[in-house]
1. Taking 7 Å along the Cα-to-C-beta vector as the label spot, tell me the Glu53-Asn758 distance in nanometres, rounded to one decimal.
2. For Glu524 and Glu12 in the same chain, what is the full-extension length gain: residue separation times 0.36 nm, less their Cα-Cα distance, in nm?
3. Tyr262 to Ser191: extension gain in nm, 0.36 nm per residue of separation minus the Cα-Cα distance?
4. Obtain the nm distance between the two label points defined at Val29 and Glu206 by a simple spin-label model: each point lies 7 Å from its Cα along the Cα-to-C-beta direction.
5. Could you calculate the FRET efficiency of Glu544 with Gln119 from 1/(1 + (r/R0)^6), where r is the beta carbon distance between them and R0 is 56 Å, rounded to 0.05?
6. Highest mean first, what order results for 209-218, 304-313 on Cβ atoms within 10 Å?
7. Using Cα pairs closer than 8 Å and at least 6 residues apart in sequence, work out the relative contact order for the stretch 522-680, in percent.
8. Could you tell me the calculated FRET efficiency between Glu705 and Lys653, based on Cβ-Cβ distance and R0 = 41 angstrom, to the nearest 0.05?
Amino acid sequence: MIQYNYMLNWSEGDQGFWDKLEKVMQTLVMRPASKQANAIFIQLSFSQMPKDEAVKVREKIRSFLPRAVVAGITETLFSPQLGSYVQLNCTFFQNSKLRLMEYAGIPEDFARLGVEFGQKVAAMPDARAAMVLGTTDGNFDKFLEGFVCGNENVVVFGAMTGTVKDIGTGSSIITGALLEESNDKYYLMGSDLMPRGIVVVVFCGESLGVRADYVLGWKPIGKEMVITETMGPNVISTLDDMPAVDIYRHYLKVKPDENFVYNIAEFPLTIERDGCLIARVPPGFDEEGRIFFNGNVNVGERVRLTYAVREDFLHETELASEKMSQFAPDGLFIVACGTRSLFLQGEEHWETRYYQRFANQLSSCSGTGEIYCYQGQGGLLNCALIAVGFREGGNKSALSFYDEPETEPENTRMLLSTRMAAFLDVITQELEQSNRELRELAVKNEEASIAKYKFLANVRREIAAPLKTVIRLERKIRKESTEDKIKEYSRECHLAGEKVYGILGRIFDFLEMEAGDLDANEAEYRVSTLLQDLHNEIMDEVIEKGLEMVTELPPDIPSVLYGDELRIRQILVNLLNNAVRFTEKGSIHLKVTMEKIGPADVLLHFSVKDTGVGITPENFAEVQKVLSLSDDRPQNMLNETGLGLNVTQRLLKLFGSELHMETELGKGTTCSFDLRQRVLNWFPMKQKNAPALRDDADRKPPITEEELAETWEALREIAAGRDMDSLDYMLETLDDYRLPEREAALLLELQTAAKENNWELIAKLVQ
């Protein structure tokens, strides 16, 4: 394997360019390696060359080396003074094979095309690397994701060409001065020239060795910012809920204008993905403050600004080149971002020189974005340098001797920018160390707090059990005692005990939540049982205060639901207790409405309305803080009402709901929430205020066909599970409806079989 590199300057009407190209091609054809090569790869890098001229270059190559695989892009450079040229790099492979895949135009489905190309690569024996060249598009990441799937051990590298104008958002995008308004000069080269498309060259060979370096050089600085809103796959609308472009105004005093890219290119944003730091520099912005990238960004990702010290920046590249020299490559390909030249300010040639010490015929190009994927890391990059070395055959002697790089003389005045960067570097390292120590301390404190919470939560039974026994005995004394005075004492003790028990319950619930041990415990429950338990919990205090308790339910509310009955009761008890506590006269109104939202699901809307004192605007603001769960001040936790509301809101969050409050001073308060519940039995619950039904069939309401079908389905499930309690309830409910003659007869047989506990007959009847 051997590599040759040529740089040919071009200008319009210059015949000398074509004469030089002719000589280069003749030289390549005459080289012995050309005749011995199993495969030939030619990479082209164009700068400011019109499309029609680039096509002529491609045809000239075809006429001399028709079997050569050709791939190339137009470069994106920050130094227009470099002029127009084409770089032609030819690599002769002695044993390896090359495969060319290309797609002209914009794919309808980038992900599917990526999978299609990736499957072809996975089927190629001994595929070692793949060069991917493409035109900039907001969905190109999807192509890469599909392409690398199944090819994790294939080194994927390459570059993108084009400008932010190619993102295709349809928005008005303002670009920096370095970006052309027209895309006529940006294109790909494969078997032919393509204004838009994707070119992939696959390198295969049993003896082909590949090594890749990903060099960034920038270091994160400052606080993390969260991407809170995006537009499409590669546009950040807001960071920390602020217009994204404002971060540069805030940290760098950079205004969004025609020099935007030049002023921010030295401070990339970075995102960490799968342990790999990926940089992003926005080449454009819009009037809404959004910033546009050539690579994807996602809501929820955390980004940080970065900085670099020039000496350390170059030293990182030098270290990478030394490791590459140990690999002793026969051929080398470098893709470097133009933003690196902006930062290095005339010193960027050193990065290539480090590698040229042992690969002086390497290929180097600069694109809009760099591509690097290997073993689950990387993607579409920015601001990076990618170096990929190839060699054929076994291990070679390491190239350990080469010219040392020039160093700056000592005792010279340092630039202010260099001193400031060095200062930032030291300060950042010290802050990082302090932050690590603080994070470790915070983790230890959190672990200790959780251990305390768990301990206190675990003693719940030890405290609650004897207190509940006392409450039960007080109720028993009140019922059995014949002395009015003893009954009154017992009643007062009972009320005080229930109050303490309720407060302890809320405290322990709060501790469980803080310890992270609170989970939903869903099961079958009857609505009538839930309401009866609520009545038992609060009616003593309601009666004592002379209030009216009104419960309003929809007539068709299902009798049996599936959910966390304990937590629902706890939520309603908290709200009802608060309503009773702050109401001196009038009523407490518990209202439930229902909406059917699926074949077996309902949305229940609960509201608790009182005619109490209401809440002042100042106090209501404090209540809203409690409900937002953002106020952790101790006084709000120790206040019984605040604690109850905090626990209630946390429980509702557990079920994907939240508490809403409306209040008016002097007129009362309404608390409401929604809960989705699964229906196990659509038969309406028996309500006490419903008129009693007579036994004769004529006065019983008829059952609908839908209800009848659901009932028999439920009976079959009950029979399969041999659940006698559920069977008794279902038969009792059926007995309250007028059934068709056949079903009425079956009901009598089922009732008889149930009394005899004959499950075989029951199973036969319900079929």
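1. 10.1 nm
2. 176.0 nm
3. Numbers: separation 71, 0.36 × 71 = 25.56 nm, distance 3.54 nm.
Going from the current span to full extension adds 22.0 nm.
4. 3.4 nm
5. So, using R0 = 56 Å, E works out to roughly 0.15.
6. 209-218, 304-313
7. Taking the mean separation of contacting Cα pairs over the length of the stretch 522-680, I get 26 percent.
8. On the way: r = 40 Å, r/R0 = 0.98.
After rounding, the FRET efficiency stands at 0.50.
Where a number appears in this text, it was derived from the coordinates with a stated rule and is not lab data. Everything numeric here is computed off the predicted structure, so don't read it as measured data. Neighbour counts are summed over all protein chains in view; Cβ atoms, including those assigned to glycine, are modelled from backbone coordinates with ideal geometry.
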